[in-house]
Amino acid sequence: MPSKQALVRRPGPRLAEGLVTHIARRPVDPALALRQWEGYVQALRDHGWRTTEVAPADDCPDAVFVEDTMVMFRNVALLARPGADSRRPETAAAREAVEALGCSVNAIRPPGTLDGGDVLKIGDTVYVGRGGRTNAEGVRQLRAAFEPLGARVIAVPVSRVLHLKSAVTALPDGTVIGHPPLVDDPAAFPRFLAVPEEAGAHVVHLGGDALLMSAGAPDSAALFTDLGYRPVPVDISEFEKLEGCVTCLSVRLRGLYA
Ligand SMILES: NC(=O)NCCC[C@H](N)C(=O)O
């Protein structure tokens, strides 16, 4: 059975200064953000996930988006080298956290850049978004790290949103979901399902039929219900103002040895 261990990182004091690239900046309410983060962590726990907090990186406004610090394949962590300079210091404590969980750790080296949010795994297929944060050398190093472990790495273009997983994620059956205006090339995926809202493109499989998703996508939630899934909505509006989504607030470690 897959392990249900997740890394999370609480929002720091400079959260409101987080990067915005593809949307207009809107003020972030730090107190509300903390409550929303606690609700997100609770939703993971309510569905059987153990959560480990990565030590704070309080000088890094975007540290709460801990998914970007690494990519997991089985029990191997590939430490990211974030494409944004301000996010580079985030990986040090993330490394300590995965090492403490017994993972093998590898790392992207200069001049490679890669953000965890650019990597979507579906079984042994690993899609990587070549876009604003992940460069060709990062893609090459991802291949070199994971193909020997049985991964098939497929690079896809990302130009309309921040990360690949800002555009698409996957249902538990492997169907890739995305909001078409934001997806560069839906034909890159063998099965693609259009969802009616941008925030509806982001799901985290909690186990069984449960899908963690933004409360901001009720029509997409209805679509998933109609397909036999059980949406678990969480309000993450303050993180969405910083181009965050449900995937990027945790690293899921499904391949740990018991
Ligand atoms: N994986 C993700 O989608 N991460 C969101 C990161 C948002 C953050 N404001 C950034 O621009 O890096």
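The values are calculated or read from the model by the stated rules, or taken from the named source; none is laboratory data. No experiment lies behind these values; they were computed from the predicted model shown. Note that we place each Cβ from the backbone using ideal geometry, even for glycine, and neighbour counts take in every protein chain shown. Keep in mind that these areas ignore ligands, DNA and RNA; they rest on the heavy atoms of the full protein, side chains included. Shrake-Rupley method; radii C 1.70, N 1.55, O 1.52, S 1.80 Å.
When the strands (runs of 3 or more DSSP E) confined to region 60-128 are screened for residues that are within 11 Å of the ligand (Cβ to nearest atom), without any contact (Cβ under 8 Å) to a residue 12 or more places away in the chain and hydroxyl-bearing (Ser, Thr, Tyr), none reaches at least 1 such residues.
Each residue in region 172-190 was checked for being among the aliphatic types (A, V, I, L, M) and open to solvent by 20 Å² or more (accessible area, probe 1.4 Å), and 3 of them qualify.
Could you please let me know if residue 150 is away from the ligand (no atom under 16 Å from the Cβ), open to solvent by 10 Å² or more (accessible area, probe 1.4 Å) and among the small types (Gly, Ala, Ser)? So residue 150 passes the test.
A Cβ distance below 6 Å, combined with a sequence gap of six or more or placement on separate chains, defines the contacts here; from region 225-242, residues that are touching a residue at least 24 places away in the same chain (Cβ under 8 Å) and closer than 25 Å to residue 65 by Cβ reach residues that are open to solvent by 90 Å² or more (accessible area, probe 1.4 Å) and away from the ligand (no atom under 11 Å from the Cβ) in the pairs 241/26.
Regarding residue 2, is this residue under 30 Å from residue 215 (Cα atoms), open to solvent by 10 Å² or more (accessible area, probe 1.4 Å) and modelled with pLDDT under 95? Yes: the conditions hold for residue 2.
Of 81, 9, 35, all but one fail to be of a type in the set (Lys, Arg), within 18 Å of the chain's Cα centre (by Cα) and farther than 29 Å from residue 152 by Cβ; the exception is 9. For residues that are open to solvent by 10 Å² or more (accessible area, probe 1.4 Å), within 16 Å of the ligand (Cβ to nearest atom) and modelled with pLDDT of 95 or more, tally how many sit in region 129-146. Residues in region 129-146 being open to solvent by 10 Å² or more (accessible area, probe 1.4 Å), within 16 Å of the ligand (Cβ to nearest atom) and modelled with pLDDT of 95 or more: 3 in total.
Note on region 5-28: residues that are open to solvent by 70 Å² or more (accessible area, probe 1.4 Å) and not in a loop (DSSP other than H, G, I, E, B) total 1. Say whether the condition of being in a loop (DSSP other than H, G, I, E, B) and not hydroxyl-bearing (Ser, Thr, Tyr) is met by at least one residue in region 29-44. Yes, region 29-44 contains a residue that is in a loop (DSSP other than H, G, I, E, B) and not hydroxyl-bearing (Ser, Thr, Tyr).
Among residues of region 134-158 that are under 22 Å from residue 178 (Cα atoms), those with a beta-carbon under 6 Å from a residue that is surrounded by 14 or more Cβ atoms within 10 Å (Cβ to Cβ) and at pLDDT below 95 at least six positions away or on a different chain give the pairs 158/131.
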